[in-house]
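Student: Would you mind keeping the following structure in view while I ask a few things?
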Amino acid sequence: MSAPLDDILVLDLTHVLAGPFATAQLRDLGARVIKVERPGSGDDTRAFPPFVEGQSAYFALLNFGKQGIALDLRSDADRAIFDRLLARADVLVENFRPGVLDRLGYGWEALQARHPRLILASVSGFGQTGPDAGRPAYDMVVQARGGVMSITGEEGGPPVRVGASIGDIVAGMFLVQGILAALLERGRTGRGARVDVAMLDSQLAILEHAVAMVAATGKAPGPTGARHPTITPFATYRAADGFFVIAAGNDTLFARLCAVLGLDDLPADPRFATNAARCENVALLKRRIEAVTLEAPRAHWIAALEAAGVPTGRVQDVAEAMADPQILARNMIREVALYPGGPLLRAPGNPVKLSTLPDPAPGGAAPRLDGDRAAILAWLEATAAT
C-alpha cells in the first residue's frame, strides 16, 4: 500500500504545537518530514514535562517519525545545507512571528523567485496581516480573544480554557487543509503558493452556533457548562456511580428517552413537548431525569438507552478513553519510541482512514536533537546530481 503524500518532502521549521501538529498529520499521510531545530536547545517542547529517562514525552508524541537536523540559519555553513534542502522540498512549514523569515532571507518573495514550486505554509497567532500580526500568542491568548473561553465553563462562572489546546490544534488542522489545497493547485499550475493560517482566525471559524446567535440576535451567548445551548436534553447526567451523557437531539429521541426512564407523561407536557420548550425548562427537566437516573448505575442506563437508539455514553477520563475497545479497534493507539532504540510510549493513531493508507499507522521514534544530520547530509550528497 502507498500513502497519498509518499513523494512529498516537508521541511519543518516549527516548534511547540500548532506547526508540529500539522507536520505530524502530513507525516501520517506519507510525507517525509525533516524537522529543523535550533542548535543547542532545539524545539521548546524538549523541555516540557512529562519526562521519561530525562526526555520529553510531550515532544516525542508530537514529533515521532520525523527526521531531525539542527541548523543555525544565521550561519553561512548551515544556510548552505538549508538551501540544498529547500531545492528538494515541496513544502516549507514555519511558525515564526511575521517578518522573521524575511529577515533571514527566506521570505515568500525570495523563496518564490528561487523555488517557484515550493509551498510556504505559515501558522502564527494573528496571521501575516492586520494590526496585531507582529504580536506573540499562545493557545490561551487566542482562546480568550477568539470568544471560545466566553462560552466555556458553567453558567455564572469565570471564563474557562478548553482542556485541550484547541487554539494550536485547530490552527494546525486548518494549516494541513491549506497545504493539501496548495499541493492540488500546484499539480494544475506547476507553481507553489503561500498558505497563511492564524490561530485567532481559526478560533472564530469553529464557533458555528455562537456566531449564528450573534448574527441573528446581536447578543453574545454565555457558557452553559456541558449542556448544548439550543438542544435539550443534551448534557451530562448523574447515575448512581458517576456521570454519563444523553444526547436526545429531536422529539423522537426524547420520546424514546422518556419511555426508557418511565417518564411517559413528559412528551405531552407543554413544558417539554418541543425542543424550544425543553430549553426554556432545562433545569426542571434535568431534575426529573436525574430523579430516575440516580437510582441505577451508568452501565444500566447506557445499555437501556442504546437498546432504544438514544445516543449516550459514559464520561471517561483519558486513560479510560485510551483503553476503550472502539478506540483500539480503530487502531487509534500505537507505540512510538521516545528516541531511536528508546522505551516505547503509547500515542494517538491516525484518525484519517483511507483505502490507500496503511493502517495501523506506523509509529517510529522521535528524533534526537541533530540526530539525523549524517543521514540527511549523505542523502543530499547522493542526490546532488539529480
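The values are calculated or read from the model by the stated rules, or taken from the named source; none is laboratory data. These figures come from a predicted structure and were not determined experimentally. Every residue, glycine as well, gets a Cβ built from its backbone with ideal geometry; the counts of neighbours run over all protein chains shown.
Student: If you check every pair at least six apart or on different chains, which have Cβ atoms under 7 Å apart with a residue in the stretch 280-306 that is in contact (Cβ under 8 Å) with a residue 60 or more places away in the chain first and a residue that is outside any helix (DSSP H, G or I) and of a type in the set (Gly, Ala, Ser) second?
Tutor: Cβ pairs passing all conditions: TRP301/ALA239.
Student: Could you please find all residues in the stretch 365-386 being assigned to a loop (DSSP other than H, G, I, E, B) and at pLDDT 95 or above?
Tutor: ALA366, PRO367, ARG368, LEU369, ASP370, GLY371, ASP372
Student: Give me a count of the residues in the stretch 241-265 that are farther than 16 Å from VAL310 by Cα and either touching a helix residue (DSSP H, G or I) at 6+ places or on another chain (Cβ under 7 Å) or in a helix (DSSP H, G or I) (or both).
Tutor: Result for the stretch 241-265: 2.
Student: Starting from the stretch 114-137, keep only residues that are more than 16 Å from PRO20 (Cα to Cα) and touching a residue at least 24 places away in the same chain (Cβ under 8 Å), then list their pairs with residues that are among the basic types (Lys, Arg) and surrounded by 13 or more Cβ atoms within 10 Å (Cβ to Cβ) whose Cβ atoms are within a distance under 7 Å, requiring at least 6 positions of separation or different chains.
Tutor: Listed by first residue and then by second, the contacts come to PRO116/ARG191; ARG117/ARG186; ARG117/ARG191; ILE119/ARG186; PHE126/ARG135; GLY134/ARG97; PRO136/ARG97.
Student: Read through the list (1) out of contact with any strand residue (DSSP E or B) (no Cβ under 9 Å at 6 or more places or on another chain); (2) under 20 Å from ARG97 (Cα atoms), then give the number of the only condition that THR14 fails.
Tutor: Failed condition: (1).
Student: Looking at the stretch 34-78 only, could you name the residues that are under 24 Å from ASP196 (Cβ atoms) and basic (Lys, Arg)?
Tutor: LYS35, ARG38, LYS66, listed by residue number.
Student: Report the residue count in the stretch 284-334 for those that are in contact with a Ser or Thr (Cβ under 7 Å, 6 or more places away or on another chain) and either within 23 Å of ARG271 (Cβ to Cβ) or surrounded by 16 or more Cβ atoms within 10 Å (Cβ to Cβ) (or both).
Tutor: Number of matching residues: 4.
Student: Oh, and also: Quick one: count up the residues across the stretch 163-200 that are under 14 Å from VAL93 (Cβ atoms) and either crowded, with 21+ Cβ neighbours inside 10 Å or hydrophobic (A, V, I, L, M, F, W, C) (or both).
Tutor: Qualifying residue count for the region: 15.
Student: Follow-up question, since we're still on this one. Identify the single condition in (1) surrounded by fewer than 18 Cβ atoms within 10 Å (Cβ to Cβ); (2) closer than 28 Å to GLY130 by Cβ that ARG79 does not satisfy, given that it satisfies every other one.
Tutor: Failing condition for ARG79: (2).
Student: Then there's this: Looking at GLY218, GLY242 in this structure, which one is more than 26 Å from the chain's Cα centre (by Cα), surrounded by fewer than 18 Cβ atoms within 10 Å (Cβ to Cβ) and within 16 Å of SER150 (Cα to Cα)?
Tutor: Result of the check over GLY218, GLY242: GLY218.
Student: Only one of LEU61, LEU86, LEU104 is among the hydrophobic types (A, V, I, L, M, F, W, C), in the same structural domain as HIS15 (by TED's automatic domain parsing) and closer than 16 Å to ILE119 by Cα; which?
Tutor: Selected residue: LEU86, the only one of LEU61, LEU86, LEU104 that is among the hydrophobic types (A, V, I, L, M, F, W, C), in the same structural domain as HIS15 (by TED's automatic domain parsing) and closer than 16 Å to ILE119 by Cα.
Student: If the requirement is being over 22 Å from THR312 (Cα atoms), outside the structural domain of PRO158 (by TED's automatic domain parsing) and hydroxyl-bearing (Ser, Thr, Tyr), which of these qualifies: THR224, THR217, THR252?
Tutor: So the residue among THR224, THR217, THR252 that is over 22 Å from THR312 (Cα atoms), outside the structural domain of PRO158 (by TED's automatic domain parsing) and hydroxyl-bearing (Ser, Thr, Tyr) is THR217.
Student: Every residue in the stretch 181-240 that is in a loop (DSSP other than H, G, I, E, B), of a type outside the set (A, V, I, L, M), touching a strand residue (DSSP E or B) at 6+ places or on another chain (Cβ under 9 Å) and free of Cβ contacts under 8 Å to residues at least 24 places away in the same chain, please.
Tutor: HIS228
Student: What residue, of LEU120, LEU111, is crowded, with 19+ Cβ neighbours inside 10 Å, outside any loop (DSSP other than H, G, I, E, B) and touching a Lys or Arg at 6+ places or on another chain (Cβ under 6 Å)?
Tutor: After ruling out the rest, the residue left standing is LEU120.
Student: Now, a different point. Mind checking which pairs have a first residue in the stretch 366-380 that is charged (D, E, K, R) and a second that is surrounded by fewer than 16 Cβ atoms within 10 Å (Cβ to Cβ) and part of a loop (DSSP other than H, G, I, E, B), Cβ under 8 Å, 6 or more apart or different chains?
Tutor: ARG368/PRO340; ASP370/PRO39
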